[in-house]
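Visitor: Sharing a structure below in structure tokens format, with a few things to ask.
Nothing in this text is a laboratory measurement; each read-out follows from the coordinates by a stated rule. Keep in mind that what you see is a predicted model, and the values were worked out from it rather than measured. Cβ coordinates were reconstructed from backbone atoms using ideal geometry, including for glycine residues, and neighbour counts include every protein chain displayed.
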Amino acid sequence: MSKPGLILIGAGGHARSCIDVIEQHGQYQIAGLVGLPEQRHTRQLGYIVIATDDGLDELVRSYPYALITIGQMQSSERRLRLYQQATQCGFQLPVIIAPTAHVSRHASIGAGSIVMHGAIVNAGARVGNNCIINSRALVEHDAKVEDHCHISTGTILNGDVTVGAGSFIGSGCIIKEGVSTGKGCIVGMGCTLRNNIADCYRFIGHDKI
Ligand SMILES: CC(C)(COP(=O)(O)OP(=O)(O)OC[C@H]1O[C@@H](n2cnc3c(N)ncnc32)[C@H](O)[C@@H]1OP(=O)(O)O)[C@@H](O)C(=O)NCCC(=O)NCCS
């Protein structure tokens, strides 16, 4: 039986990482990418950019599934807007888990989230919708990652940590057990976070930036 077709919304570097995970995952056939006007008809790892985001209404008639594949660092706004646009068009957003990742059967992952190569989501952890749990990140027991967050490569969220909706935690961060970030926070790469931070806080290890 043929695999269901999946549209990737976003056609840059993060999309290439997602393609590799989706190919390994093996349950969906990538039908094409949605990109910027100047990216139309170009290819990413062999898959063609077939439309811009104006074309989502049309694409959903042929392909039921979509995943947001743009990256997220300074703001979650674009990923959030595209997620809302895709769901309003009627796309279903699957959960993609790399076969090299471990997601506990006692954990939950929300619609449109991707768990990338080598990541671990441990027992009792909850990951919301439209999140990126990037390569080799660790989401420890009972940690909570709210919707539209990016937990970057190699980051460690210890037990009972909460990451507020729309936050970005940079590569190689460590967050102490039980600590919470507010919504829309940015934690710079390599930071150790020992105390709670408020909504929209930008933390780079010593002070606000
Ligand atoms: C926090 C971050 C988003 C800020 O980016 P930005 O707004 O472009 O700001 P800049 O990088 O220009 O940094 C501003 C200042 O803060 C300092 N700074 C930034 N991040 C820092 C960090 N993690 N630790 C210490 N200092 C840092 C910079 O040196 C710079 O100082 P200066 O003005 O004295 O030169 C960025 O530094 C970062 O951490 N990006 C994440 C990278 C990453 O994890 N990528 C993986 C994606 S999977």
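Visitor: Would you check which residues across the stretch 101-123 are more than 16 Å from the ligand (Cβ to nearest atom), touching a strand residue (DSSP E or B) at 6+ places or on another chain (Cβ under 9 Å) and of a type outside the set (A, V, I, L, M, F, W, C) and list them? Give the derivation first.
Guide: Narrowing the stretch 101-123 to residues more than 16 Å from the ligand (Cβ to nearest atom): 102-112, 120-123.
The next check asks that each one be touching a strand residue (DSSP E or B) at 6+ places or on another chain (Cβ under 9 Å); those that pass are 102-104, 107-112, 120-122.
Answer for the stretch 101-123, where residues must be more than 16 Å from the ligand (Cβ to nearest atom), touching a strand residue (DSSP E or B) at 6+ places or on another chain (Cβ under 9 Å) and of a type outside the set (A, V, I, L, M, F, W, C): H102, S104, S108, G110, G112, N122.
Visitor: Please go through the stretch 140-156 and pick out each residue that is closer than 20 Å to P94 by Cα, in contact with a strand residue (DSSP E or B) (Cβ under 6 Å, 6 or more places away or on another chain) and away from the ligand (no atom under 13 Å from the Cβ).
Guide: Result: K144, V145.
Visitor: In addition: Identify, from the list G184, G178, G159, the residue that is over 14 Å from V103 (Cβ atoms) and within 16 Å of the ligand (Cβ to nearest atom).
Guide: Numbers: G178 fails: within 16 Å of the ligand (Cβ to nearest atom); G159 fails: within 16 Å of the ligand (Cβ to nearest atom).
Result of the check over G184, G178, G159: G184.
Visitor: Pick out, from the stretch 1-114, the helices (runs of 4 or more DSSP H) lying fully within it that include 2 or more residues that are closer than 23 Å to R136 by Cα and touching a Phe, Trp or Tyr at 6+ places or on another chain (Cβ under 7 Å). Before you say what the answer is, go through the steps one by one.
Guide: Details: elements: 13-25, 56-59, 77-89.
Fully inside the stretch 1-114 and qualifying: 13-25.
Visitor: Could you tell me whether L193 is among the aliphatic types (A, V, I, L, M) and under 19 Å from the mean Cα position of the chain (by Cα)?
Guide: On the way: among the aliphatic types (A, V, I, L, M): yes; under 19 Å from the mean Cα position of the chain (by Cα): no.
No, not satisfied.
Visitor: Out of all the residues in the stretch 164-187, which are free of Cβ contacts under 8 Å to residues at least 24 places away in the same chain, of a type outside the set (G, A, S) and assigned to a strand (DSSP E or B)?
Guide: I169, I174, I175, T181, V187
Visitor: Let me ask another. Looking only at the stretch 122-150, count how many residues are crowded, with 24+ Cβ neighbours inside 10 Å and assigned to a loop (DSSP other than H, G, I, E, B). It would help to see each step written out before you state the result.
Guide: Pass one, the stretch 122-150, residues crowded, with 24+ Cβ neighbours inside 10 Å: 125, 127, 130-133, 137, 139, 143, 145, 148-150.
Next, from what is left, pick out any that are assigned to a loop (DSSP other than H, G, I, E, B): 125, 130-131, 137, 143, 148-149.
Going through the stretch 122-150 one residue at a time, the tally reaches 7.
Visitor: Please work out if T69 is within 16 Å of V34 (Cβ to Cβ) and either of a type in the set (A, V, I, L, M, F, W, C) or surrounded by fewer than 22 Cβ atoms within 10 Å (Cβ to Cβ) (or both). Spell out how you get there, then give the answer.
Guide: Values: within 16 Å of V34 (Cβ to Cβ): yes; either of a type in the set (A, V, I, L, M, F, W, C) or surrounded by fewer than 22 Cβ atoms within 10 Å (Cβ to Cβ) (or both): no.
Against the criterion (within 16 Å of V34 (Cβ to Cβ) and either of a type in the set (A, V, I, L, M, F, W, C) or surrounded by fewer than 22 Cβ atoms within 10 Å (Cβ to Cβ) (or both)), T69 does not qualify.
Visitor: Just one of the numbered conditions (1) surrounded by fewer than 22 Cβ atoms within 10 Å (Cβ to Cβ); (2) out of contact with any strand residue (DSSP E or B) (no Cβ under 7 Å at 6 or more places or on another chain) is not true of T162; which one?
Guide: For T162, the failing item is (2).
Visitor: Restricting the stretch 124-138 to residues that are within 15 Å of A107 (Cα to Cα) and away from the ligand (no atom under 15 Å from the Cβ), which is farthest from the chain's Cα centre (by Cα)?
Guide: Taking the candidates together, the pick is G124.
Visitor: Which residue pairs have Cβ atoms under 6 Å apart, sit 6 or more places apart or on different chains, and have a first residue in the stretch 188-205 that is part of a loop (DSSP other than H, G, I, E, B) and a second that is within 10 Å of the ligand (Cβ to nearest atom) and of a type in the set (A, V, I, L, M)?
Guide: From the stretch 188-205, the pairs are G188/I204.
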